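Novice: Have a look at this one before I ask anything.
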Amino acid sequence: QVQLVESGGGLVQPGGSLRLSCAASRSIFIIYYMAWYRQAPGKQRDLVAIINRGGRANYTDSVKGRFTISRDNAKNTVDLQMNSLKPEDTAVYYCNFRVPTGNYWGQGTQVTVSS
């Protein structure tokens, strides 16, 4: 069973930056998409950013120009660089790998943006 392990969450002031990382516990032969989702208290889990095997990325409108997703296919890792953070970015962030047999999810990492 593959596990995804996230790291890099924490408390940051508005306008600050954080970098989230996600790594698989073992090598995965094919990963179609790598993505980051987030879930704020009382809300559904929403897609934040997604990147395909070729490196093409898409973002939800609220993070465009502030967040950057990147992946390393050889290492099976995905990162999310988050700049100019806002209080409304506060949520638990989950990484997701879409593979031929389904989806893998991380356990989530808390990001809190507050002064």
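Novice: Convex hull volume of the Cα atoms in region 10-58, per residue, in Å³?
Specialist: Details: hull volume 6.6 nm³, N = 49.
Spread over its residues, the Cα hull of region 10-58 gives 134 Å³ apiece.
Novice: Moving on. In whole percent, how big is the carbon plus sulfur part of the accessible area of region 9-115, probe 1.4 Å, protein atoms only? Walk me through the intermediate numbers first.
Specialist: On the way: 2690 of 5780 Å².
Answer for region 9-115 is 47 percent, counting heavy atoms of protein chains only.
Novice: Another question, if that's okay. Of ASP89, ASP46, which has the most accessible area with a 1.4 Å probe, and how do the rest follow in descending order?
Specialist: The ordering from most to least exposed comes out as ASP46, ASP89.
Novice: Might you tell me the accessible area per residue for the chain, computed with a 1.4 Å probe and given in Å²?
Specialist: Details: 6280 Å² over 115 residues.
Result: 55 Å² per residue.
Novice: Pairs of Cα atoms under 8 Å, at least six residues apart: use those to get the relative contact order of the chain, whole percent. Kindly include the intermediate steps, with their values, before the conclusion.
Specialist: Numbers: 280 pairs, mean separation 42.6, N = 115.
RCO, the chain: 37 percent.
Novice: Report the net charge of residues surrounding TYR37, where surrounding means a beta-carbon distance below 10 angstrom and charges are Lys +1, Arg +1, Asp -1, Glu -1.
Specialist: Values: positive: ARG38, ARG45; negative: ASP46.
Within the 10 Å Cβ shell, the charges total +1.
Novice: Here is a follow-up. Would you list which aspartates and glutamates come within 15 Å of LYS75, measuring only between C-alpha atoms, while excluding same-chain residues fewer than 8 positions from it?
Specialist: Correct list for LYS75: GLU6.
Novice: Which aspartates and glutamates, if any, have their Cα less than 17 Å from the Cα of LYS64, not counting same-chain residues under 8 positions apart?
Specialist: Within reach: ASP46, ASP79, GLU88, ASP89.
Novice: Can you give the longest stretch of the chain with no exposed loop site, where a site means chymotrypsin sites (Phe, Trp or Tyr not before Pro) in a DSSP loop (not H, G, I, E or B) with at most 13 other C-beta atoms within 10 Å?
Specialist: The reported range is 33-115.
Novice: First check a/c for region 59-115, with a ≥ b ≥ c the square roots of the eigenvalues of its C-alpha gyration tensor; if it is under 1.5, answer rounded, and if not, answer prolate when a/b is larger than b/c or oblate otherwise. Working shown, then result.
Specialist: On the way: a/c = 2.26, a/b = 1.72, b/c = 1.32.
Judged from the Cα gyration tensor, region 59-115 comes out prolate (a/c at least 1.5, a/b above b/c).
Novice: What whole-number volume per residue, in cubic angstrom, does the convex hull of the C-alpha atoms of the chain give? Numbers along the way, then the final one.
Specialist: Details: hull volume 10.7 nm³, N = 115.
Taking only Cα atoms, the chain has a hull volume of 93 Å³ per residue.
The values are calculated or read from the model by the stated rules, or taken from the named source; none is laboratory data. Everything numeric here is computed off the predicted structure, so don't read it as measured data. Note: ideal-geometry Cβ built from the backbone for every residue, glycine included; neighbour counts use all protein chains shown. To get the accessible areas, we keep the full protein, side chains included, count just its heavy atoms, and leave off ligands, DNA and RNA. Shrake-Rupley method; radii C 1.70, N 1.55, O 1.52, S 1.80 Å.
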